[in-house]
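Below: one structure, written as structure tokens.
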Amino acid sequence: MTETSNKIYDLEERTFQFAKRVAIFCKVLPKTATNIEYGKQVIRSSGSIGANYIEANEALSKKDFQMRIKICRKEAKETVYWLRLIIETNGEESIRDGAPLLQEATELKKILSSILEKSS
């Protein structure tokens, strides 16, 4: 395996693990109407980051790759938004458990921005 493909695999695995952690985080939130709705949104957007990254790695052209990475970044930004809403509308436990997820979503957004810059 080449260095490039190792990096691809690592980010694919990282986005998978992130989406899994978000789903687990949402499972333990209090079952309020707000948390149920926000939870659906954040689970969808966090999973979409990795799914679109896999698609980007199978892109048919440079333009296709860039578009998929833009979608990944957009989903990462959306995930940051939903996580912030969940954290700021729940108690101390959600702050403690949600803060590392918020940090990871922010880091993924930065990584995807860097990939996009370098592919231009």
*Inter-residue pairs, beta-carbon under 6 Å, first more than 15 Å from Ala105 (Cβ to Cβ) and in the range 62-77, second assigned to a helix (DSSP H, G or I) and of a type outside the set (S, T, N, Q), 6+ apart*: Phe65/Ala56; Arg68/Glu55; Arg68/Ala56; Ile69/Ala56; Ile69/Leu112; Ile69/Ile115; Ile69/Leu116
_Restricting the range 86-104 to residues that are among the β-branched types (Val, Ile, Thr), assigned to a helix (DSSP H, G or I) and modelled with pLDDT of 95 or more, the residue that is surrounded by the fewest Cβ atoms within 10 Å (Cβ to Cβ)_ = Ile87
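So which of Glu37, Glu55 is assigned to a helix (DSSP H, G or I), among the acidic types (Asp, Glu) and more than 13 Å from Ile86 (Cβ to Cβ)? Break it down into steps so the answer makes sense when it comes.
On the way: Glu37 fails: more than 13 Å from Ile86 (Cβ to Cβ).
Among Glu37, Glu55, only Glu55 is assigned to a helix (DSSP H, G or I), among the acidic types (Asp, Glu) and more than 13 Å from Ile86 (Cβ to Cβ).
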*Only one residue in Glu107, Glu75 is crowded, with 21+ Cβ neighbours inside 10 Å, among the charged types (D, E, K, R) and modelled with pLDDT of 95 or more. Which one?*
Glu75
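The values are calculated or read from the model by the stated rules, or taken from the named source; none is laboratory data. Predicted model only: the values in this text are computed from it and were never measured. Note: ideal-geometry Cβ built from the backbone for every residue, glycine included; neighbour counts use all protein chains shown.
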